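Below is one structure; the comments refer to it alone.
The values are calculated or read from the model by the stated rules, or taken from the named source; none is laboratory data. This one's a predicted model, so the numbers in the text were calculated from it and none came from an experiment. Backbone-built Cβ (ideal geometry, glycine too); neighbour counts: all protein chains shown. Surface areas here come from the heavy atoms of the whole protein model, side chains and all, with no ligands, DNA or RNA. Shrake-Rupley method; radii C 1.70, N 1.55, O 1.52, S 1.80 Å.
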Amino acid sequence: SVEPITVIDPRDSAVRNSTSVPVTVRAPLGTTAVTINGALAMRGSDGVSYVADVVIGSGDNAISAIAYPFGQTATSNVIGDFRAPRFLAAIPADGSVTADAETILAGFFDEAVLVTVESPAGSVMTSARFDRERSNQLFGFDVAALPLALGTNPITLRARDAAGNETVHVLTVERQEGALLLTSPADGASTPNLSATVVFQALADLTIDAWY
């Protein structure tokens, strides 16, 4: 019987982010030539592997290889993905202020990604997985306790999808000493009035004693 040929790389349904993909086929000894999607493949030094570059587009791309002289065939599929993952939302919001020494960080992307979180306190890696409890194909991730340094903490989210496309999103969280933040009036403000409304934001659970 005639031995089959096999597409060995990329594997079936592999995802790639390049428009030109090298495809490798293994053919039996005695094969005189192999074409891959109509292009003549180059034979390797082992005498049984053949490689040709195939141009792919976004989505599914059929791969078809033919070995000569007996006409054995092999097929495969490569998925083209050239779009970077899209960041949707995060908690805490950019510009948040807290008195806590750590925070819960959670967020969403529009596809499954590997997320690297970088902060002044170090880095951690996690995955964004499909959130079945939410609609619109959200993929959520979370870090249970991200340490915060005093002052401004730039937090960088680096997300990479299965094809290798990357996106970067940066947010800042301010950690302040004390449990109250004066939000109004602004520092240095003046007023012609004899009284003013003073607004504080509580940065942690607290009890306030007031005297009049």
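For the range 35-57, name all the residues that are open to solvent by 80 Å² or more (accessible area, probe 1.4 Å) and either under 25 Å from Ala162 (Cβ atoms) or touching a residue at least 24 places away in the same chain (Cβ under 8 Å) (or both).
Within the range 35-57, Asp53, Val55 meet the criteria.
When you look at Ile91, is it within 27 Å of Thr167 (Cα to Cα), open to solvent by 30 Å² or more (accessible area, probe 1.4 Å) and among the β-branched types (Val, Ile, Thr), yes or no?
The answer is yes for Ile91.
From the list Asp12, Asp60, which one is within 25 Å of Ala162 (Cα to Cα), open to solvent by 30 Å² or more (accessible area, probe 1.4 Å) and in contact with a Ser or Thr (Cβ under 7 Å, 6 or more places away or on another chain)?
Asp12
Filtering the range 79-95 down to residues that are in a strand (DSSP E or B) and of a type outside the set (Gly, Ala, Ser), which residue is farthest from Arg158 (Cα to Cα)?
Ile79
Can you tell me which residue within the range 161-184, out of those that are open to solvent by 60 Å² or more (accessible area, probe 1.4 Å) and within 22 Å of Ala145 (Cβ to Cβ), is modelled with the highest pLDDT?
Among them, the one singled out is Val170.
Any residue at all in the range 185-196 that's surrounded by 11 or more Cβ atoms within 10 Å (Cβ to Cβ) and at pLDDT 70 or above?
no
Right, Thr126: modelled with pLDDT of 95 or more and either within 30 Å of Gly80 (Cα to Cα) or touching a Lys or Arg at 6+ places or on another chain (Cβ under 8 Å) (or both) or not?
The answer is no for Thr126.
Restricting the search to the range 96-112, which residues are assigned to a loop (DSSP other than H, G, I, E, B) and open to solvent by 50 Å² or more (accessible area, probe 1.4 Å)?
Correct list: Asp100, Ala101, Ala112.
Which strands (runs of 3 or more DSSP E) sit wholly inside the range 1-78 and have at least 3 residues that are of a type in the set (A, V, I, L, M, F, W, C)?
Once the strands (runs of 3 or more DSSP E) in the range 1-78 are filtered for at least 3 residues that are of a type in the set (A, V, I, L, M, F, W, C), what remains is 20-26, 33-36, 49-55, 59-68.
Name the single residue, out of those in the range 130-152 being more than 30 Å from Gln176 (Cβ to Cβ) and surrounded by fewer than 14 Cβ atoms within 10 Å (Cβ to Cβ), that is modelled with the highest pLDDT.
The residue in question is Phe130.
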